[in-house]
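The values are calculated or read from the model by the stated rules, or taken from the named source; none is laboratory data. Not measured: the values here are computed from a predicted model. Neighbour counts run over all protein chains shown; Cβ positions are idealised from the backbone, glycine included. Remember, those area values only see protein heavy atoms, side chains included, never the ligands or the DNA or RNA. Shrake-Rupley method; radii C 1.70, N 1.55, O 1.52, S 1.80 Å.
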Amino acid sequence: MPLKDSLQTTLQTIPSEVSLIAVSKMHPAREIEEMHSYGQIDFGENKVQELMGKYGQLPKSIRWHQIGHLQKNKVKYIAPFVYLIHSVDSLELLEIIEKEAIKNNRPLAVLLQVKIAQEESKYGLTLDSALELLTFKKEGKFPHVAIKGLMGMASFTYNKEQIKAEFSYLHKFYETHQKEFGLEILSMGMSDDYLLAIECGSNMVRIGSKLFGKRNYTV
Ligand SMILES: *Cc1c(COP(=O)(O)O)cnc(C)c1O
């Protein structure tokens with residue numbers, strides 16, 4: 001399907017209050033540029049090197065989202081331009097983001113990634129440690145970082161009830177603490193589960209293959 005149509009048909013399934021992040025990892029810059037020309041502004045990447053290369057080539061009107069696990073020694077490369085980091089999964093990473101925000105004289109916006117999947121391998125904070133980081137922030141730590149909200153990834157499973165339970169678990173925590181910590185963003189949902197995620201309260205979806213097709217692993 002042409003990119004214009006896949007963007008349009010996808011947007012038709014997303015309520016207007018939900019933001020769409022077009023996940024462009026492993027797709028070439030020209031496809032991003034084309035989709036950007038149809039009005040899509042937010043793009044997500046999970047590898048710092050790939051993100052930097054594309055940032056360098058593409059219009060500065062694009063807002064770049066770091067959506068995958070971020071290594072501490074790579075924060076410095078994206079701090080000058082990244083729009084939102086979705087994947088803060090440790091206190092140490094948050095501390096480094098604070099330092100880089102100061103160095104670049106640029107506040108940085110982040111989400112705390114919470115582990116909601118039952119699988120072993122996924123990154124993410126427990127709810128307790130997320131609450132701890134939010135409390136540090138409220139007490140005045142990390143003044144140059146804005147914790148805008150939370151991100152979660154559900155298990156890779158066909159069991160819809162399990163996926164719903166995982167999304168609902170994070171949504172409940174989000175709702176409970178939204179006011180106290182000024183949270184605005186709940187980033188949940190990918191190509192295969194974003195409709196469920198929206199049902200469960202997500203207001204930001206990260207969609208790759210449904211928009212761009214199968215990823216090109218040779219990019
Ligand atoms: C790749 C990726 C997505 C998008 O996945 P699709 O299934 O292609 O929609 C969303 N979020 C994260 C963190 C990803 O790494």
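Conditions (1) farther than 17 Å from Phe142 by Cβ; (2) away from the ligand (no atom under 16 Å from the Cβ); (3) among the aromatic types (Phe, Trp, Tyr), marked per residue:
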{"residue": "Lys54", "(1), (2), (3)": "yes, no, no"}
{"residue": "His65", "(1), (2), (3)": "yes, no, no"}
{"residue": "Pro80", "(1), (2), (3)": "yes, yes, no"}
{"residue": "Ile85", "(1), (2), (3)": "no, no, no"}
{"residue": "Leu93", "(1), (2), (3)": "no, no, no"}
{"residue": "Ile97", "(1), (2), (3)": "no, yes, no"}
{"residue": "Glu100", "(1), (2), (3)": "no, yes, no"}
{"residue": "Pro107", "(1), (2), (3)": "no, yes, no"}
{"residue": "Leu111", "(1), (2), (3)": "no, no, no"}
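Every residue, every condition in (1) surrounded by fewer than 18 Cβ atoms within 10 Å (Cβ to Cβ); (2) within 14 Å of the ligand (Cβ to nearest atom); (3) over 18 Å from the mean Cα position of the chain (by Cα), yes or no:
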residue	(1), (2), (3)
Gln118	yes, no, yes
Thr126	yes, no, no
Ser129	yes, no, yes
Glu132	yes, no, yes
Pro143	yes, no, yes
Gly149	no, no, no
Thr157	yes, yes, yes
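Specify the residue that is most open to solvent (accessible area, probe 1.4 Å); the eligible residues are those in the stretch 201-219 that are touching a Leu at 6+ places or on another chain (Cβ under 8 Å) and within 16 Å of the ligand (Cβ to nearest atom). I'd like the intermediate steps shown before the answer.
First pass over the stretch 201-219, keeping only residues touching a Leu at 6+ places or on another chain (Cβ under 8 Å): 201-205, 207, 211-212.
In the following step, the residues that additionally are within 16 Å of the ligand (Cβ to nearest atom) were identified as 202-205, 207, 211-212.
On the way: Ser202: 7, Asn203: 37, Met204: 13, Val205: 0, Ile207: 0, Leu211: 3, Phe212: 20 Å².
Result: Asn203.
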Assess whether Glu120 counts as being in contact with a Phe, Trp or Tyr (Cβ under 6 Å, 6 or more places away or on another chain) and either more than 21 Å from Lys179 (Cα to Cα) or assigned to a loop (DSSP other than H, G, I, E, B) (or both). no
